[in-house]
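Before any comments, here is the structure.
The values are calculated or read from the model by the stated rules, or taken from the named source; none is laboratory data. Quick caveat: nothing in here was measured; it's all calculated off a predicted structure. Positions of Cβ are generated from backbone atoms using ideal geometry, with glycine treated the same way; all protein chains shown enter the neighbour counts.
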Amino acid sequence: MGKNSNQRDIYAEITGKIISILEGLEPGGWEAPFACLAAQGLPFNPITGQQYHGVNIPALWVAQQEKEFASNYWATFNQWKDQGVCVRKGQRASRIIFYKTLVKSDENDNGEVAEQVSIPMLRCYNVFNADQVEGYEHAVPEQNKTDSVNRIEAVETFCLRTGADIRCGGTAAYYHRSEDFINIPDSIAFRDTTTANATDNYYATLLHELTHWTGAPHRLDRDKARNQSERHKYAFEELIAELGAAFLCAQLGITQTPREDHAHYLMSWLQALRNDNKYIFQASAAAARACEYLNVFQES
């Protein structure tokens, strides 16, 4: 059996284990690996006193990183207004979704329930961060000042051989598609979570972004579904990148088994794709191609 066959067996095994973990998870359990975000807790609505759940967690994490907000508090325009504070002029909202299933029952001529139909109900809401309003303040925890990441030479070499432009700094981890570079926060920004240490979280995040890097038009050109909505394409690409990170972590010995925090993150994006589990298999195949693409650089 060749090397590629062994790799694909590993990919299939990891995908199967992640699906098993997914089946036992509750929404809303994902932890961000960045100290600058995770120290503040999950995205929270101070007006209702409730945390945000499901796909809204990573969506608001991303918005918080991109806009460099210090607060994890979010509420709608009217909710802030009812508290006597106002959104500053010119501020742009971040979008969240509210999803539930409405069960409709049809009765026959005898008044008996003949059929029950599940109807998905999806609504979008615009929310603003506490940093975007005037007259509201809350304490933000101090940031971590100890670097807990231990450098792993094998992973550093793996990334270096790809030739990817990897930049460090700021609070955001992302792949900049138009300028073709990866940005990752300095290692001091990463923390231990309940499922992994800071070193694992740092490299898992870096490999997540490196998987995104493979999808550029002059590489694997993954953005081929031009007729899909932007939200759908974004969610699917996140599935690919997180599976790619899980595969590469296993290959490079960062973790021995799929981690629960990977699965929580995957669950959030599966919810964005209407809980259609076939997407995880399609994403798994695309992630495997991304890993094989990256491994070619290691052969030279």
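Mind checking which residues of the range 183-208 are without any contact (Cβ under 8 Å) to a residue 40 or more places away in the chain and within 16 Å of the chain's Cα centre (by Cα)? Across the range 183-208, the qualifying residues are Asn183, Ile184, His208.
The residues on offer are Ala93, Ala38, Ala59, Ala63, and the sole one that is at pLDDT below 70, surrounded by 15 or more Cβ atoms within 10 Å (Cβ to Cβ), under 20 Å from the mean Cα position of the chain (by Cα) and among the small types (Gly, Ala, Ser) is Ala38. Inspect all residues belonging to the range 141-161 and state whether any of them is assigned to a strand (DSSP E or B) and modelled with pLDDT under 90. Within the range 141-161 (the criterion being assigned to a strand (DSSP E or B) and modelled with pLDDT under 90), the answer is no, since none of the residues qualifies.
When the range 225-257 is filtered for residues that are at pLDDT below 75 and closer than 14 Å to Thr205 by Cα, only Thr255 remains.
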